[in-house]
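Trainee: Below you'll find the structure I mean.
The values are calculated or read from the model by the stated rules, or taken from the named source; none is laboratory data. No experiment lies behind these values; they were computed from the predicted model shown. For neighbour counting, all protein chains shown are included, and Cβ atoms are generated from backbone atoms with ideal geometry for every residue, glycine included.
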Amino acid sequence: MLFALYAILLLGGMYLVGASFASPVLPALVFIAGVLCISAAVAVPVMTQHRDSGHHRRE
């Protein structure tokens, strides 16, 4: 399940970054949306590993 989310975010972000160069309307906004999708794709496995390792507990 998380792999599918990661793949969709990563590939969608790459598509948005590439499409931003041909976008006639607000190419900077499309580029930023693509970069944010790629960042979210990287954050998914990092946050999942952090949650599973037990570092989030307070003592």
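Trainee: Take G34 and tell me if it is at pLDDT 95 or above and either touching a Cys at 6+ places or on another chain (Cβ under 6 Å) or among the β-branched types (V, I, T) (or both).
Mentor: On the way: at pLDDT 95 or above: yes; either touching a Cys at 6+ places or on another chain (Cβ under 6 Å) or among the β-branched types (V, I, T) (or both): no.
Here the answer is no, as G34 does not meet what is asked.
Trainee: So, V17, is that one in contact with a Phe, Trp or Tyr (Cβ under 7 Å, 6 or more places away or on another chain), modelled with pLDDT under 95 and in a helix (DSSP H, G or I) or not? Steps first, answer last, please.
Mentor: Working: in contact with a Phe, Trp or Tyr (Cβ under 7 Å, 6 or more places away or on another chain): yes; modelled with pLDDT under 95: no; in a helix (DSSP H, G or I): yes.
In short, no.
Trainee: Next question. When you check S23 against the structure, is it at pLDDT 95 or above and of a type in the set (S, T, Y), yes or no?
Mentor: Spelling it out, it is not the case that S23 is at pLDDT 95 or above and of a type in the set (S, T, Y).
Trainee: Also, quick follow-up: Test V30 against the criterion of being within 12 Å of the chain's Cα centre (by Cα) and assigned to a helix (DSSP H, G or I), and give yes or no.
Mentor: Against the criterion (within 12 Å of the chain's Cα centre (by Cα) and assigned to a helix (DSSP H, G or I)), V30 does not qualify.
Trainee: Considering each residue of region 6-32, count those that are on the phi < 0 side of the Ramachandran plot and surrounded by fewer than 16 Cβ atoms within 10 Å (Cβ to Cβ), and give that number.
Mentor: Taking region 6-32 first, the residues on the phi < 0 side of the Ramachandran plot are 6-25, 27-32.
After this cut, where a residue has to be surrounded by fewer than 16 Cβ atoms within 10 Å (Cβ to Cβ) as well, the list is 7-8, 11, 14-15, 18-19, 21-25, 27-29, 32.
Here the count works out to 16.
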